[in-house]
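Laboratory data are not the source of any read-out in this text; all were calculated from the coordinates shown. Note that this is a predicted model, so its numbers are computed, not measured. Neighbour counts run over all protein chains shown; Cβ positions are idealised from the backbone, glycine included.
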Amino acid sequence: MRKPLSNSQIVCITLLWVLLCYYILVYSERIDGMTVIMLLLSAALVFIPVIQSLKKRK
């Protein structure tokens, strides 16, 4: 089993994901359905392990 993520790792991963989303939303020429779906899928890939790590700590 892997060790749970530390608070600093969780904050770093979350901030990097938010920065990526901001960059995509601000600098994209158009925001269509595929962009929204990809952002939602990336959110799932980022936050599911974070939530599991938080649950594992308790």
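Couple of notes before you dig in:
- If you go through region 36-58 and keep only what is under 14 Å from Leu16 (Cβ atoms) and not aliphatic (A, V, I, L, M), you end up with Ser42, Phe47, Pro49.
- Scope region 6-58; condition exposed (fewer than 11 other Cβ atoms within 10 Å of the Cβ) and in a loop (DSSP other than H, G, I, E, B); matching residues: Ser28, Glu29, Arg30, Asp32, Lys58
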